[in-house]
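The structure appears right after this line, and notes come after that.
The values are calculated or read from the model by the stated rules, or taken from the named source; none is laboratory data. Since this is a predicted model, take the numbers as computed values, not measurements. Cβ: placed from backbone, ideal geometry, glycine included. Neighbour counts: every protein chain shown. Just the protein is used for accessible areas: all its heavy atoms, side chains included, with ligands, DNA and RNA removed. Shrake-Rupley method; radii C 1.70, N 1.55, O 1.52, S 1.80 Å.
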Amino acid sequence: MSENDPIRRSIQRIDAKTVAAARKFQASILADVAGRRGTLGGRIQPLSKGMKVAGPAFTVEVRPGDNLMIHAAISLAKPGDILVVDGKGDRTCALMGSIMMNACKKLGLAGVILDAALRDVEEIRELGFPVYSVGTNPNGPTKFVPGRINHPISCGGITVHPGDLIVGDADGVVVVEREKAESLLEPAAKKVADERARIADIVAGKNLRPRWLEGSLRAAGALKEGEAL
């Protein structure tokens, strides 16, 4: 297989054990421990707020308004994969609808992240299959223009490589590089524990002001040295 082949059939995926562990964390937690980076632009939203998804990225790049390569990708993806589609943010037509989403679910895919529009919203919601998109449009796509499968893409303003870890929830979607994902699990667990302790203090009426606040205000020049709020 040449690096220039438009369709790459074999990729190295984030391992299933790491996916299972990462699935327990909110997307926000993983984004924070990843250096507050890797989140797709907020225009990409879940079709229903209760949708959650985690798995390896199976990347697709298409020309705006054409879904030929998405059909090919559905045929090639493995159970547990998440289709991540660079549709250039186009909203002039839908790149996917209920027929394709039913196929994705039947084939065991974990979900779809679509930087473009979709249609058949009510049917997809009833299907209960995790889908994130930039919006909806009843107009259908063409199927004429070749694209690329399993090449690095840009989705929601973030670079996504095939096999990267994808985690999505009501807040949105975070992408974690495959090589770094496992190393973030322990910091993520610690952050969850720290946040729960912080919230417990607040509920109990203790430490309502963050301990770091005055130091940060001094560092920003908003407070003079020795001055307090």
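How do the pairs read when you match residues in region 156-171 that are aliphatic (A, V, I, L, M) and modelled with pLDDT of 95 or more with residues anywhere that are open to solvent by 40 Å² or more (accessible area, probe 1.4 Å) and assigned to a strand (DSSP E or B), using Cβ under 8 Å and keeping only pairs 6 or more apart or on different chains? Matching pairs, first to second residue: I158/T39; V160/S154. Among the residues of region 12-29, those identified as under 19 Å from D81 (Cβ atoms) and not in a loop (DSSP other than H, G, I, E, B) are A16, K17, T18, V19, A20, A21, A22, A27. Scan region 50-68 for residues that are within 16 Å of G140 (Cβ to Cβ), open to solvent by 10 Å² or more (accessible area, probe 1.4 Å) and not in a loop (DSSP other than H, G, I, E, B) and the total you get is 1. Total residues in region 97-107 satisfying the condition of being closer than 14 Å to A73 by Cβ and either free of Cβ contacts under 8 Å to residues at least 24 places away in the same chain or surrounded by 19 or more Cβ atoms within 10 Å (Cβ to Cβ) (or both): the figure is 3. Between A22, A110, A94, the distinction of being crowded, with 23+ Cβ neighbours inside 10 Å, of a type outside the set (S, T, N, Q) and over 18 Å from the mean Cα position of the chain (by Cα) belongs to A94 only. On inspection, V145 fails the criterion of being buried (at least 18 other Cβ atoms within 10 Å of the Cβ), within 21 Å of L83 (Cβ to Cβ) and either touching a residue at least 60 places away in the same chain (Cβ under 8 Å) or in contact with a Ser or Thr (Cβ under 7 Å, 6 or more places away or on another chain) (or both). Here region 166-190 is the region considered, the condition is being among the basic types (K, R) and assigned to a loop (DSSP other than H, G, I, E, B), and the residue that is nearest to the chain's Cα centre (by Cα) is R178. If you check A27 against the conditions, is it open to solvent by less than 10 Å² (accessible area, probe 1.4 Å), at pLDDT 95 or above and touching a Lys or Arg at 6+ places or on another chain (Cβ under 6 Å)? No, not satisfied.
A count restricted to region 71-86 and to residues that are on the phi < 0 side of the Ramachandran plot and either open to solvent by 10 Å² or more (accessible area, probe 1.4 Å) or without any contact (Cβ under 8 Å) to a residue 40 or more places away in the chain (or both) stands at 10.
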